[in-house]
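What follows draws every value from the coordinates through simple rules; no lab data is involved. The shown structure was predicted, so the numbers you read here are calculated from the model rather than taken from an experiment. Positions of Cβ are generated from backbone atoms using ideal geometry, with glycine treated the same way; all protein chains shown enter the neighbour counts.
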Amino acid sequence: MIAFITGASAGIGEATAKELAKAGMDLIICGRRKDRLETLAQHIQNTFHTKTKILTFDVGVRQEVENAINSLEEDWQNIDILVNNAGNAHGLSTIQDGNVEDWEKMIDYNVKGLLYVSNCIIPKMINQQKGHIVNIGSIAGKENYPKGNVYCASKSAVVALSESMRMDLVAHKIKVSVVNPGAVETEFSLVRFKGDAQKASQVYQGYTPLSAEDIAEIIAFMVTRPSHVNIADVLVLPLAQASATVWNKEV
């Protein structure tokens, strides 16, 4: 089996690549940071002995996505699993104080990027009459929170697109799932706070957040179910988090 993973250079994408390699899958790992992808590919090949292909592109740039996926050799064309993981959160502000460039980045990566990649890979799955698409959403796609406006909207779009894709693709025996994590300790907060490590670290104080590996294990479980089983929608939270805004933190 071949799994195609976007945003594989760090966080949930990197952890998912390792979990799927552990399950014996060959991987196409994608991202913008080629050096990190090369390190990951070497680790996977040394540890799990599965084949790994690297594609370097920006999911938010349609031509880059199309060029990269169209460059795949014939023996990498039959993609069985697509994990649409690439995305980000830029800034945390009220709507009236928001930065338009931040908004555009979140929409480009979280929504348009998912669509660009899916648009290239879905025809391959239709030709095979099988496949599994796993989109990475967020609790922010289930409920809004203060100053989350555009990020929440972009992740709401991921949830809506996942539901629509499932309806459109069921006739072609293609599974579509969405995983909606709560607080996961990755580079997420560092990106949101524009590299301010002190602010980013405060997000995870007073409780034990989810890890990227926690989410990767769930994805691996989803894509290894029998052919008649589709785990369509999962919300996963750390113990201390009851909702987007309700917490039990020891601070």
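If you line up the long axis of helix 149-169 against the longest principal axis of the chain, both from Cα atoms, how many degrees apart are they, to the nearest 10? Rounded to the nearest ten degrees, it is 30.
Among bridges DSSP assigns within the chain, what percent are antiparallel (round to 5)?
Details: 1 of 28 bridges.
Expressed as a percentage, antiparallel bridges in the chain total about 5.
At a threshold of 8 angstrom on Cα-Cα distance, excluding pairs fewer than six apart, so keeping six or more, what relative contact order does the stretch 2-236 reach in percent? Present the calculation step by step, with values, prior to reporting the outcome.
Details: 436 pairs, mean separation 47.6, N = 235.
Rounded, it is 20 percent for the stretch 2-236.
Using a simple spin-label model with pseudo-atoms 7 Å out from Cα toward Cβ, Asn230 and Met1 lie 1.5 nm apart.
Remark: spin-label model distance Trp247-Ser93 equals 2.2 nm, labels positioned 7 Å along the Cα→Cβ axis.
In this structure, the amide hydrogen of Asn84, modeled 1.01 Å from its nitrogen in the peptide plane, lies closer than 5 angstrom to those of Val134, Asn135, Ile136, counting only residues at least 5 positions away or on a different chain. The simple spin-label model puts a point 7 Å past each Cα toward its Cβ; for Val203 and Asn70 those points are separated by 3.6 nm.
Axis angle, to the nearest 10 degrees, between helix 34-47 and the longest C-alpha principal axis of the chain: 60 degrees.
Rounded to the nearest 20 debye, what is the charge dipole size of the chain about its Cα centre when +1 sits on each Lys and Arg Cβ and -1 on each Asp and Glu Cβ?
Details: 24 positive and 28 negative charges, 55 e Å.
Using Cβ point charges on Lys, Arg, Asp and Glu, the chain gives about 260 debye.
Taking amide H atoms as placed 1.01 Å from N in the peptide plane, the amide H of Asp233 lies under 5 Å from those of Val178, each 5 or more residues away in sequence or on another chain.
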